[in-house]
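In what follows, a single structure is set out as structure tokens and then discussed.
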Amino acid sequence: MNKIGFIGLGIMGKPMAMNLMKAGFELVVYNRTKSRMDELIQSGAAGVESPKEAAENSDIIITIVSDTPDVEDVILGEQGVIHGVKAGSVVIDMSTISPSVTKEIALKLKEKNADMLDAPVSGGDTGAINGTLAIMVGGEKEVLDRCMPVLNAMGKTITHTGTNGMGQVVKLCNQILVSVTNMAVSEAVLFAQKSGVDPHTMIEATKGGAAGSWQLANLGPKMVDEDFAPGFMIDLQQKDLRLVLEAASQINLPLPALSYVHQMYTSNQANGEGKEGTQALYKSVKRLSD
Ligand code: NAP
């Protein structure tokens, strides 16, 4: 059985690492803030001092950290994975980051005879806890086939989307879909309210038809009830939308609807709502008519 180095034990990483241990994998863990490793170490994982050391002691290295520069840090930095990775090892980055930087990192790892998969996830912390994440994978099919038992321990839907970087591209498509839909739900809820229709009735009447969506069924009622507690935080969503807009600009692709939603979320952030859930987009739309 492969030994796994796991780097980044945040909201997503910690339960994903736990699920790997439950599936019987031997784990070597690293987290920048050491105390976050305690629970895993108590459950039988070995703790190490750097990403380099994690790579030296494993065959598959998983990274799930915040943003593009952070992945560059833990893989290519002074104490990064690249300085400890063994020939034949696979680095699986499960963070949401830039597709073009992903390709560059994969090429650098190839110089060390190591393979890379970009395998960003969708499904939030509940998906991470329950092992039901959707995982979108870029990289060589043969490498993915080898890593399937590892990914199966963390996710339910695992899709090969193309070469390195294409997992990230599909994850960014996911973010376009959820964000623009969220905007439509915000407008429909407000339109119902301002026109004198019970918005819960509007949601019940429409969610089973052609307009149905996860956002309408799950975020719509929260907007109506003014429950803005985060499932997925606006600040994190903005990081992903910035990645989409940067990648789109690199290929001269205008995304007018997504740009508009990005601006509306900026208004949420300016109003101190960055730590609220993405359904607080409704508040930005409502302010336009208050
Ligand atoms: P999080 O709870 O904030 O955890 C971030 C992790 O990254 C922490 O372990 C942090 O270490 C580590 N980290 C950040 N920068 C680092 C650096 N420069 N060097 C070393 N370690 C660093 O974030 P999360 O929610 O788990 O998200 C992780 C990734 O998954 C992100 O790319 C996010 O977009 C993606 N994602 C999140 C969700 C979600 O619902 N949360 C859903 C899908 C995808 P410290 O403990 O030291 O801070």
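For this structure, a couple of remarks:
- Consider the stretch 65-97 and keep the residues that are within 19 Å of GLY10 (Cβ to Cβ) and small (Gly, Ala, Ser). The one that is farthest from the ligand (Cβ to nearest atom) is GLY80.
- Filtering the stretch 1-13 to residues that are in contact (Cβ under 8 Å) with a residue 40 or more places away in the chain and either surrounded by 21 or more Cβ atoms within 10 Å (Cβ to Cβ) or within 15 Å of the ligand (Cβ to nearest atom) (or both) leaves ILE4, GLY5, PHE6, ILE7, GLY8, GLY10, ILE11, MET12, GLY13.
- Within this structure, LEU40 passes the test of being in the same structural domain as ARG146 (by TED's automatic domain parsing), within 12 Å of the ligand (Cβ to nearest atom) and crowded, with 19+ Cβ neighbours inside 10 Å.
- The residue of the stretch 241-290 that is surrounded by the most Cβ atoms within 10 Å (Cβ to Cβ), among those that are touching a residue at least 40 places away in the same chain (Cβ under 8 Å) and among the basic types (Lys, Arg), is LYS283.
- Boolean, ILE82 is of a type in the set (Val, Ile, Thr), surrounded by 22 or more Cβ atoms within 10 Å (Cβ to Cβ) and out of contact with any strand residue (DSSP E or B) (no Cβ under 7 Å at 6 or more places or on another chain): no
- Taken over the stretch 68-100, the criterion of being assigned to a helix (DSSP H, G or I), among the hydroxyl-bearing types (Ser, Thr, Tyr) and touching a Ser or Thr at 6+ places or on another chain (Cβ under 9 Å) is satisfied by THR68 alone.
- Candidate set: the stretch 203-231, residues that are closer than 22 Å to ASN268 by Cβ and loosely packed, with under 15 Cβ neighbours inside 10 Å; chosen: the one nearest to the ligand (Cβ to nearest atom): GLY231
- Filter pass, PHE25 being within 13 Å of VAL65 (Cα to Cα), more than 9 Å from the ligand (Cβ to nearest atom) and in contact (Cβ under 8 Å) with a residue 24 or more places away in the chain: no
- ALA134 within 13 Å of the ligand (Cβ to nearest atom), in a strand (DSSP E or B) and under 20 Å from the mean Cα position of the chain (by Cα): yes
- Any hit, the stretch 106-125, residues being within 15 Å of the ligand (Cβ to nearest atom), buried (at least 24 other Cβ atoms within 10 Å of the Cβ), in a helix (DSSP H, G or I) and in the same structural domain as MET16 (by TED's automatic domain parsing): no
The values are calculated or read from the model by the stated rules, or taken from the named source; none is laboratory data. From a predicted model like this one, the values you see are computed outputs, not experimental measurements. Here Cβ is always computed from backbone atoms with ideal geometry, including for glycine, and neighbour counts include all displayed protein chains.
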